[in-house]
Amino acid sequence: MRVFVTGATGFIGSAVVRELLAAGHQVLGLTRSEQGVAALAAAGAEPHRGSIADRDSLTSGAARSDGVIHLAFNHDFSTFAQNCEDDRRVVEALGAALAGSDRPLIVTSGTAIGNTVPAEPAREDGPTVSSSVVPRAASEEAAAAAAAAGANVSVVRLPQVHDTRKQGLVTPAIEIAREKGVFAYVGEGDNRWPAAHVLDVARLYRLVLERAEPNARYHAVAEEGVPTREIAETIGRRLGLPVASIAPEEAGAHFGWLAHFAARDLPASSEWTRAQLGWQPTGPGLIADLERLEVPAA
């Protein structure tokens, strides 16, 4: 299968490209830079010049492919709500390009939009919040609209995706800790974040591409929920930083934009995903990767 991958040179996207190529698929990777062109060519993929802001490059990439995996996203969280609305338009463009065909479109979302019942894990078939509550839900709203218009759409929801270099929202939390001189957690630190190793996530994207049911939602979750206090204590030891609890009302001043997530309990299940696709994560857990954290120079 010839697969058009947006975000093909990113942290998760580059792992997905390697997984697809190893399984015998061909990859057309979206990139906006000469560096990206070189990286994709070196990996054995075909570069496709363009960006998520260029609708023509999206539709032409989709037109040249047997399926699309959409991973690109602007991770500047200072403009998070706008980035999510921009992603809605990207999904709309890709869905329109594939409407009326069986060619699969895999849209990326986050498990947090399924956390609707306190202390209960988000589930693939459970209710979700709207984009007015969690902006990231815009991607799934666009996916549903594309499906209604005749596209073969499925969704992969991501937790904190990690290796020893990057760990989802944990990575900016580390940057904040180094700036503040302390790794903080909110209250008792019992709130949980789900996680999965990047190579397990890449394998799930391939399985969804090959076997997905139309309109299905899949959870790339290896660990249902890792307590934020355990995350903080592990990183504190690794970086030699003190670890401290802060009150909820202090979270905004300490974490900035990350405060919205810092105190949220976000467990997520992947029981249905595993049963449907035979996906069994084998990579290291989040704490194991944090114990081997690659620490950049200060």
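None of the figures in this text is laboratory data; all of them are computed from the coordinates on show. Keep in mind that this is a model prediction, so the values were computed, not measured. For neighbour counting, all protein chains shown are included, and Cβ atoms are generated from backbone atoms with ideal geometry for every residue, glycine included.
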List pairs: first residue in region 275-293 and over 15 Å from Val201 (Cα atoms), second residue charged (D, E, K, R) and assigned to a helix (DSSP H, G or I) anywhere in the structure, Cβ distance under 7 angstrom, at least six positions apart or on different chains. Ile287/Glu230; Leu290/Arg238; Glu291/Arg238; Leu293/Arg238
Would you mind listing the helices (runs of 4 or more DSSP H) fully within region 187-295 where at least 1 residues are surrounded by 17 or more Cβ atoms within 10 Å (Cβ to Cβ) and β-branched (Val, Ile, Thr)? 198-211, 228-239, 271-277, 286-291
Restricting attention to region 100-123, does a residue exist that is touching a helix residue (DSSP H, G or I) at 6+ places or on another chain (Cβ under 6 Å), loosely packed, with under 14 Cβ neighbours inside 10 Å and either part of a loop (DSSP other than H, G, I, E, B) or in contact (Cβ under 8 Å) with a residue 60 or more places away in the chain (or both)? no
Looking at region 58-82, which of its residues are in contact (Cβ under 8 Å) with a residue 24 or more places away in the chain and either surrounded by fewer than 15 Cβ atoms within 10 Å (Cβ to Cβ) or assigned to a helix (DSSP H, G or I) (or both)? Leu58, Thr59, Gly61, Ala62, Ala63, Arg64, Phe77, Ser78, Phe80, Ala81
Which condition does Gly168 not pass, out of (1) of a type outside the set (S, T, N, Q); (2) touching a residue at least 40 places away in the same chain (Cβ under 8 Å); (3) buried (at least 17 other Cβ atoms within 10 Å of the Cβ); (4) on the phi > 0 side of the Ramachandran plot, if it passes all the others? (2)
Checked region 43-60 for anything within 17 Å of Tyr205 (Cβ to Cβ) and touching a strand residue (DSSP E or B) at 6+ places or on another chain (Cβ under 7 Å); matches are Ala45
Any chance region 32-55 includes a residue that's in contact with a Cys (Cβ under 9 Å, 6 or more places away or on another chain), of a type in the set (A, V, I, L, M, F, W, C) and either surrounded by fewer than 21 Cβ atoms within 10 Å (Cβ to Cβ) or not in a helix (DSSP H, G or I) (or both)? no
Is there a residue being outside any loop (DSSP other than H, G, I, E, B), more than 11 Å from Arg217 (Cβ to Cβ) and either without any contact (Cβ under 8 Å) to a residue 12 or more places away in the chain or in contact with a Phe, Trp or Tyr (Cβ under 6 Å, 6 or more places away or on another chain) (or both) anywhere in region 138-148? yes
Give me the pairs, please: first residue somewhere in region 239-267 and on the phi < 0 side of the Ramachandran plot, second residue anywhere and exposed (fewer than 15 other Cβ atoms within 10 Å of the Cβ) and of a type in the set (Ser, Thr, Tyr), beta-carbon distance under 9 Å, and either six or more positions apart or on two chains. Trp257/Ser78
